[in-house]
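Below is one structure, written out as structure tokens; comments come after it.
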Amino acid sequence: MNLPSVLKLTLSITVALSLSLATSSYAAVPAIKALVPMGGQAGTTVVVMIEGTTDKEKHAAVWSSRDDLQIEPGEKPNQLKITIPENAAPGFAWIRLHTPEGASNLRPFQIGTIPEVTETEKNNELDEAFVIEPQTVVVNGVLSSGADVDVYRVHLEPGQTVVARMQANSRMGSPMDSVMQVVSPRGFVLKQYDDDLGVDPMAVYTAAEAGDYYLRLFSFPSKPNQSISFSGSSNYTYRLMVTTGPYVDHTTPLSVSASEPTALKLFGWNLPRELHEVTLTPTEDATSVKYHHEQIANVVELEQTKYPQIIEREPNEKESPQAITLPAVITGQIHERKDNDRFQFTAAKGSLYQIRMTSREKGFPLDPLVRIYDSEGKVLKEVDDISRDNVDFDFDFTFPADGEYTIDVRDRFDFGGYRFVYRLEIIPAEPAFDATVAATKFTLKGGEKLELPVTITRKRGYAQKLRFDVKGLPEGVTVEAPVSEPTGDSSKKVTLALNSPYDLTASTPLEIVAVPVLTETVPNETPNAENSEPQTREVDGPAQPVVATVSEMSQQTSDLWLTAIAGEKPKEEPKPEEKKE
């Protein structure tokens, strides 16, 4: 989070209703239900409508987590004008509105690389379909009611493949569970897609004959209710990427080396031969690297790893497991029904490894199941889902003896295919911690104390003391920050306390970091006959942000917010001579 670059443009925007500013005697706390559209192409200026929920609004300011965006008021109430630089990195920015009374929730704004258009109504029927042009485009749309159906027309030649990827609930927080149908030129449903990227659909269809084909969209609520009916609202916003050009679905390997260039093979649809392979160099001080080519519709983001990478090879089933050496990061694929991949290795007694699968999280259909066998073929461990909402797995395993082991990966329901790819990490399990707060925004009233509980999760015996720094505090605000000790109650939870003068008002971004307190051995600077042993001192380790889960979304962020509002002026104590007997 870049605190010095906070954007504080004061905007005269009415977040919900166009009330006269003169009639509003106070500035209400803003709220954002949706941004329409919720993204734009680099090198363009986008007019964004704010769907909000407050009844009164005076003056709001806008903040963005990225300082390369230029944000100005639109020509109408409830509008922002967002200018995206030509060289803006693809990805998303958090947008927040704030007033002296408080701040809105965070909403994401996506920066893309291909042309974008906005859906226009009426396009509910095939003969009213919105025409997709050019061959690669992002359509920003809204399913505004339960009766709203959005239809798009795309022309295909025989053997031509169209890829249509919906981005709505997944990562963008739109409260919709959408369905996409591919409809033939004669009006018949050829295929239906649902829950491919979380609950967002992704359609891939190859035409058998020339003609105008249709993509038909409708939605249910992402949180099921008793109605079992179509649903829509002004905040059922989506981004639909449609292309008949090159699109990358996955790569081998599924990650890149953090220390040297990595040769990647690209897999997807409509990829010309010259785009089948690429070499990526690591990005310094980053956890991932992004790849984009002007001919490719999407951006590929891959994690960086310091561990050796291995590509799965066939056959590697029960009778012919693939030999590997630990640690390893394996990219594999369940090629067909009832396929299973086995990897064989040696491990030392008592060695602790983290075994993590990444597949469904990246939008692939694999529901992985893993088993660990000893040298006699005995099952030592079987692991399925992380949780009800995450079918990947992540667990620690201690090998019980010196010897040879086998790990087996398959689909839980014995499915397989082109997109059933995965990344399996078998890496040393290192001590670590997470620190979280319950919300992304807080209000501090003057003269009162604001308590911020921080939950600490220590993993694999993490035994360092943690101290906490709060960055971005307004002048005059003080903080009490207890240390989290390795054991005891404070090892799991500490409460930070903020205090401010009664008359302070402020609205500002905030960042909380947890700093490990490490012990360092140094030479004795004044050795003598009685004491010549080295000395120790405490030093700060690398700071780690304290994060919160964004409301109505699964993402976490360290971009917090503090609003300080004035409290009541303390009553003055009467002077001693004025006190009554």
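The values are calculated or read from the model by the stated rules, or taken from the named source; none is laboratory data. These numbers come from a predicted model, not from an experiment. Heads up, the Cβs are rebuilt from the backbone with ideal geometry, glycines too, and the neighbour counts pull from every protein chain shown.
Screening Arg537 against (1) closer than 16 Å to Thr443 by Cα; (2) at pLDDT below 90; (3) in contact with an Asp or Glu (Cβ under 6 Å, 6 or more places away or on another chain) leaves a single unmet condition, (1). Out of Glu157, Glu119, I need the residue that is charged (D, E, K, R), in contact (Cβ under 8 Å) with a residue 24 or more places away in the chain and under 30 Å from Val62 (Cβ atoms). Which one? Going through Glu157, Glu119 in turn, just one is charged (D, E, K, R), in contact (Cβ under 8 Å) with a residue 24 or more places away in the chain and under 30 Å from Val62 (Cβ atoms): Glu119.
Residues in the range 390-417 that are free of Cβ contacts under 8 Å to residues at least 40 places away in the same chain and either out of contact with any Lys or Arg (no Cβ under 9 Å at 6 or more places or on another chain) or in a strand (DSSP E or B) (or both): Asn390 alone. Taking Lys306 as the residue in question, decide whether it is touching a residue at least 24 places away in the same chain (Cβ under 8 Å), surrounded by fewer than 18 Cβ atoms within 10 Å (Cβ to Cβ) and either closer than 18 Å to Thr331 by Cα or not assigned by TED's automatic domain parsing to the domain that holds Ala207 (or both). Spelling it out, Lys306 is indeed touching a residue at least 24 places away in the same chain (Cβ under 8 Å), surrounded by fewer than 18 Cβ atoms within 10 Å (Cβ to Cβ) and either closer than 18 Å to Thr331 by Cα or not assigned by TED's automatic domain parsing to the domain that holds Ala207 (or both).
With respect to the conditions (1) closer than 30 Å to Asp148 by Cβ; (2) touching a Gly at 6+ places or on another chain (Cβ under 8 Å), Pro246 falls short on a single one, namely (1). Taken over the range 18-38, residues that are farther than 20 Å from Ala103 by Cβ and at pLDDT 80 or above amount to 2.
I'd like to verify a number: residues in the range 206-245 that are under 17 Å from Gly159 (Cβ atoms) and either basic (Lys, Arg) or buried (at least 20 other Cβ atoms within 10 Å of the Cβ) (or both), how many? Total meeting the criteria: 4. Taking the range 28-43 as the range and being in a strand (DSSP E or B) and farther than 14 Å from Gln110 by Cβ as the test, the residues that pass are Ile32, Lys33.
Here is the figure for the range 65-111: residues that are acidic (Asp, Glu) and at pLDDT 95 or above total 2.
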